[in-house]
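One structure is given below, encoded as structure tokens.
The values are calculated or read from the model by the stated rules, or taken from the named source; none is laboratory data. All of these numbers come straight from a predicted model, not from anything done at the bench. In this analysis, Cβ positions are derived from the backbone assuming ideal geometry, glycine residues included, and neighbour counts consider all displayed protein chains.
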Amino acid sequence: MVDRLSFDDFLNLPKQILLTAQEHDEYASLLSETFIHQYYQKKMKQEIYRSVEKFKDAKYFYSCDSDYSPSYSMDASLFRKKGEVADPVGNYVSHLVDDSWWVEQFYQCICKVACKLTMQEAIYFVDTFFGERSEEFISEKLGICRVTLQKIKKSCIVKLWLELKGL
């Protein structure tokens, strides 16, 4: 994990996910059918996809030359409370602080969950959410049938969902 995010961190995240999953692959396993059945919902993939898209769009706020380092503290006074009237500049700054904090937390969360993914789950995650590949392409890449891919997909999504739920 990194202390400061840069544009390169955004670009290298998929590669970092695969490397981390490869390092921890012997300790990771797919979730059981009963656990998946208990937690998996179809809307999870859509919500994870929206979060990844928001994260990918954030890279355009970072320049290629300089590093991002937050110059704010995580003080409750920085976050706007509902019903509180603020000036337009204050709203803009508050929005930027909230977005910067979310991007940083999402990056750290994805790096943590990469340790829990099997290599097949990591490939599914990177190819689906960052590469926007089809399930057919991914199943051919992994050399498995699409029915087997469904268990990998659901296990990956539940692991991601449980980790991102706290964001």
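Taking the conditions exactly as written (of a type in the set (Phe, Trp, Tyr), under 17 Å from residue 122 (Cβ atoms) and modelled with pLDDT of 90 or more), does residue 27 satisfy them or not? Against the criterion (of a type in the set (Phe, Trp, Tyr), under 17 Å from residue 122 (Cβ atoms) and modelled with pLDDT of 90 or more), residue 27 does not qualify. Contact annotation: residue pairs with Cβ atoms under 6 Å, 6 or more positions apart or on different chains, pairing a residue in segment 94-107 that is under 12 Å from residue 56 (Cα atoms) and in a helix (DSSP H, G or I) with a partner that is aromatic (Phe, Trp, Tyr) and modelled with pLDDT of 70 or more, are 106/55. Set side by side, the residues 141, 154 differ, and just one is assigned to a helix (DSSP H, G or I), under 19 Å from residue 38 (Cα atoms) and either in contact with a strand residue (DSSP E or B) (Cβ under 6 Å, 6 or more places away or on another chain) or not hydroxyl-bearing (Ser, Thr, Tyr) (or both), which is 154.
Restricting attention to segment 42-53, the residues being modelled with pLDDT of 90 or more and either more than 17 Å from residue 156 (Cα to Cα) or in a loop (DSSP other than H, G, I, E, B) (or both) number 1. Listed by first and then second residue, the pairs with beta-carbon distance under 8 Å, at least 6 apart or on different chains, first residue in segment 24-39 and in a loop (DSSP other than H, G, I, E, B), second among the basic types (Lys, Arg) and surrounded by 11 or more Cβ atoms within 10 Å (Cβ to Cβ), are 24/116; 28/116; 30/151; 31/154; 31/159.
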